[in-house]
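Heads up, the thing below is written out as structure tokens.
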Number of protein chains: 2
Amino acid sequence: MSELATKAEKLDASDELAAKRAEFVLDDVVYLDGNSLGALPVAVPGRVEDVVRRQWGELRIRSWTEGGWWTAPERIGDRIAPLVGAAAGQVVVGDSTSVNVLKALVGAVRLARPAHGGGPARDEIVVDATTFPTDGYIAGSAARMTGCTLRPVAPSDVPGVLGDRTAAVLLNHVDYRTGRLHDLPSLTAAVHAAGAYVVWDLCHSAGALPVGLDEHGVDLAVGCTYKYLNGGPGSPAYLYVRADLQDRFDSPLPGWNSHAEPFGMREDYEPAAGALRGRVGTPDILSMLALEAALEVWDGVPVDAVRAKSLALTDFFLECVEAYVPAGGVECLTPRAHAERGSQIALRRAGAGEVMRRLIERGVVGDFRQPDVLRFGFTPLYVGFADVERAARVLAEVLAEVPAEVPAEVPA
Amino acid sequence: MSELATKAEKLDASDELAAKRAEFVLDDVVYLDGNSLGALPVAVPGRVEDVVRRQWGELRIRSWTEGGWWTAPERIGDRIAPLVGAAAGQVVVGDSTSVNVLKALVGAVRLARPAHGGGPARDEIVVDATTFPTDGYIAGSAARMTGCTLRPVAPSDVPGVLGDRTAAVLLNHVDYRTGRLHDLPSLTAAVHAAGAYVVWDLCHSAGALPVGLDEHGVDLAVGCTYKYLNGGPGSPAYLYVRADLQDRFDSPLPGWNSHAEPFGMREDYEPAAGALRGRVGTPDILSMLALEAALEVWDGVPVDAVRAKSLALTDFFLECVEAYVPAGGVECLTPRAHAERGSQIALRRAGAGEVMRRLIERGVVGDFRQPDVLRFGFTPLYVGFADVERAARVLAEVLAEVPAEVPAEVPA
């Protein structure tokens, strides 16, 4: 047994989250793509079967009240809340991340423009230029529909461009490509100092590290639930609106589910109080209740323990890659500093498409991002240190076979 | 056996759709609430189990390509298309109805305002004042974000208010409350004559009667899938954009799933061609593939046969109610004329909340709408004529017990 394999064994033996792995359906594959689609929690299939066969099939419409369907968006939001450092009553589940970005960003612009005027005429939305594309596209739409201009800048340049014209700022907590963790507390404070409102996209951080929404005074946030929260393919996203902003939150999607009296079927729109003001239409029950079952794996799991293991996993992966891959074989895009690292490692290499194809063939599943990035996500609840050592070892084998001059490929 | 019960038996014996009932999970309840939540198709539980256990649990991210997850929105759209009289390539599934109303209505206003100017400055959205509330609320938001004013009018008054200022008109095909069927061909023609664009909400018509979107030149349409299409609680809605308008369709929700090259992760937004321009974020796979399984019940079912049975069911219900309920016992809100009737019967009665509570207790499930409406939906695929006779008979019993002066009640 190699020295690193022995080290992996020791790390696994002292891993306080190791038992969590049994709560997921896993095989002998090393699954490092939980930052794209989390693995299936064991509790989900039975719950979904109950929802379909009994709640829908037998109780039918009675389940809207008796089965707790109607209140699922805010109930499940409260289950996510502690994972992002939010007190209850501020998170609501539903719709896709993109749709929630529109709600949050238009909402933020409206918060920045008080109804009775006064103060500067804020007409600019600042967006992370390195962001996941959908955030930029939706921010462009939000700008267009609120009469703002869109200003894309690198996150590090954000503080320098803030001013009297800034209405809202949309930032990613962790960059989907490089795995870089941005400084949420200081960027939030900078946005507030300029009198503007910030929206954080937590897709690549929630469930992997502490977010501290309440602690840092974040205004609005969105996130998906199918990565580190393991909610299933395309499971509904969530929206956080800080409690003291809820009364002024003015959604661009005022659907009947967010009405103060939804079954009053009133012609005039009167928004509900609280998190459920972020609801829109009828909640997608099958996916939503699958997510609720998936969230049970978090019972008794402190987010700090998850973060500690996440950093240990990525540290160990870098150590193994350095040991197994000859110098210069790959370039690491992910920062070395813990304070700047999410829960993934991104390696750049010509021929990355082919490298990933061969890795997957040999039971190491990460993903490929155009044009030349290998992404490896480390989900602390089910990835172990022996997995990490194996992944790095197989990666070294594959890199030795695939010439570095191969052009990047488009996945099928 | 009463005369009407004998008639019901004969009607059931000659019902060419009678065998379809076996494709649904039903019990001895008379389920007349399929216009709220369709019954569970037998094919769904097994399909959902496969999606959860094998596609998600075992194949994980491979299912995005190998399992057909990525193309599900347009594939399932094509399955709905014939039910609403649309050729393939014009319907896409995803998001809630409310979200799709926003897409369609903002898209319609933008179609009405050519990029290069010219023509009248259209700044008015006309909306059915009797519409399901969410449509009115979202129309208000669309108006606000496109610089339009909202003009709510009764559908019959729509032609009289159309003019050079009209940008878009949002109409319900069948009124959710009264069951009135509006004249889609003539209202569409009137909107077009004014140079404006029409959006039809098909929630209460699709799957119950022919819609003829292509035939009547409808511009855009939206609908839910959990009523007559039996997709399950909160299953994703759909958006229709007529083929020749797709290249100009300019969505307020340009998420990455509608990009011409979604995995290019490009900073600039270039919309995809075709129906999938109406996509937004990652599709909600569990609910979407449950819907796909549910749509299999439509194989070989002509919509004209569904309409014929629907009218026969509602005619027979009215006949039974007239026979069993003393004159003046209830007021029918649904038009008698076939051309003006959807697939539900709405009866007005003081104490409707209590009446419905007792009906449900005795195995006849309809629903109650504020303040005094009893709604009975007739799903031709699984409701039979004996069900109808029994419903009317039990209704007469309950009406005899519940005093008409009881005030309307709010449901629990």
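The values are calculated or read from the model by the stated rules, or taken from the named source; none is laboratory data. No experiment lies behind these values; they were computed from the predicted model shown. Positions of Cβ are generated from backbone atoms using ideal geometry, with glycine treated the same way; all protein chains shown enter the neighbour counts. All accessible areas refer to the heavy atoms of the entire protein, side chains included, with ligands and DNA or RNA removed. Shrake-Rupley method; radii C 1.70, N 1.55, O 1.52, S 1.80 Å.
In this structure, the amide hydrogen of A:LEU40, modeled 1.01 Å from its nitrogen in the peptide plane, lies closer than 5 angstrom to those of A:VAL25, counting only residues at least 5 positions away or on a different chain. Annotation for B:GLU9, label-to-label distances across the other copies: 8.0 nm (shortest first, one decimal, point 7 Å from Cα along Cα→Cβ).
Couplings for segment A:145-151, taken from phi via the Karplus curve 6.51 cos²θ - 1.76 cosθ + 1.60 with θ = phi - 60°, read 8, 10, x, 9, 9, 9, 10 Hz in order; Gly and Pro are left as x. Measure out, as a whole number of angstrom, how far apart the alpha-carbon centroids of segment A:291-355 and segment A:1-63 sit. Each part's Cα centre sits 19 Å from the other's.
In segment A:109-155, comparing the full protein assembly with the chain on its own, the residues that lose 10 Å² or more of accessible surface at a 1.4 Å probe are A:ARG110, A:ALA129, A:PHE132, A:PRO133, A:THR134, A:TYR137, A:ILE138, A:SER141, A:ARG144, A:MET145, A:PRO152. Other protein chain C-beta atoms within 10 Å of residue C-beta, averaged over A:364-370: 2. For the chain pair A and B, buried accessible area totals roughly 6200 Å², probe 1.4 Å, rounded to the nearest 100. FRET efficiency for the pair A:ARG266 and A:ASP12, taken as 1/(1 + (r/R0)^6) with r the Cβ-Cβ distance and R0 = 56 Å, rounds to 0.45.
Per-residue mean of foreign Cβ neighbours for B:91-97 is 4 (Cβ atoms of other chains, 10 Å radius). May I ask for the angle, rounded to the nearest 10°, between helix A:3-13 and the longest principal axis of chain A, with both axes built from Cα atoms and the value confined to 0 to 90°? So the inclination is approximately 40 degrees.
Database remark: amide H of A:ARG341 closer than 5 angstrom to the amide H of A:LEU181 (H placed geometrically; neighbours at sequence offset of 5 or more, or on other chains; Pro and chain starts carry no H). Note on B:LYS7: accessible area approximately 80 square angstrom, rounded to 10, probe 1.4 Å, nucleic acids and ligands left out. Axis angle, to the nearest 10 degrees, between helix A:184-193 and the longest C-alpha principal axis of chain A: 30 degrees.
How large is the accessible surface per residue of segment B:47-298, computed with a 1.4 Å probe and reported in Å² as a whole number? Per residue, segment B:47-298 has an accessible area of 29 Å².
The same position A:ALA154 in the other copies lies at 6.4 nm from this copy, comparing label points 7 Å beyond Cα toward the beta-carbon, shortest first. The H on the amide N of B:THR149, modeled in the peptide plane, is under 5 Å from the matching H of B:GLU124, B:ILE125, each at least 5 residues off or on a different chain. Distance from the Cα centroid of segment B:178-257 to that of segment A:67-97 is 31 Å (rounded to whole angstrom). Setting aside same-chain residues fewer than 8 positions from B:LYS7, which aspartates and glutamates have a Cα under 14 Å from its Cα? B:LYS7 reaches B:ASP15, B:ASP315, B:GLU319, B:ASP387, B:GLU389.
Out of the DSSP beta bridges found with both residues in the protein assembly as shown, what percent are antiparallel (nearest 5)? Approximately 50 percent, going by the DSSP bridge assignments.
Taken over segment B:72-216, the percentage of Cα pairs per 10 Å bin, counting from 0 up to the bin with the maximum distance, is 12, 42, 37, 9, 0. Solvent-accessible area assigned to carbon and sulfur over segment A:47-298 amounts to 51 percent, based on a 1.4 Å probe. Against the compact-protein benchmark of 2.2 N^0.38 Å, the Cα-based radius of gyration of the protein assembly as shown scales to 0.98. Within the straight-line cut-off of under 19 Å between alpha carbons, the lysines reachable from B:LYS103 are A:LYS103, sequence neighbours fewer than 8 places apart in one chain being disregarded. Principal axis analysis of the Cα atoms in segment A:340-410 yields extents of 35, 25, 18 Å, listed in decreasing size. Take each residue in B:40-53, count the other chain C-beta atoms within 10 Å of its C-beta, and the mean is 4.
If each Cα of segment B:47-298 is one equal point scatterer, what is log10 of I(q)/I(0) from the Debye formula at q = 0.12, 0.13, 0.16 Å⁻¹? Calculated log10 I(q)/I(0) at the listed q: -0.66, -0.77, -1.13. Coupling constants for segment A:222-238 follow from the phi torsions by the Karplus curve (6.51 cos²θ - 1.76 cosθ + 1.60, θ = phi - 60°), and in residue order they are 9, x, 8, 10, 9, 9, 6, 9, 6, x, x, x, x, 4, x, 8, 9 Hz; glycine and proline get x. Sequence-ordered 3J(HN,Hα) estimates for segment B:362-373 from the Karplus curve with 6.51, -1.76 and 1.60 and θ = phi - 60° stand at 9, x, 10, 9, x, 9, 10, 10, 3, x, 8, 10 Hz, glycine and proline given as x.
Plainly put, the tip 7 Å out from Cα toward Cβ on B:THR71 is 4.4 nm from that tip on each other copy, the closest given first.
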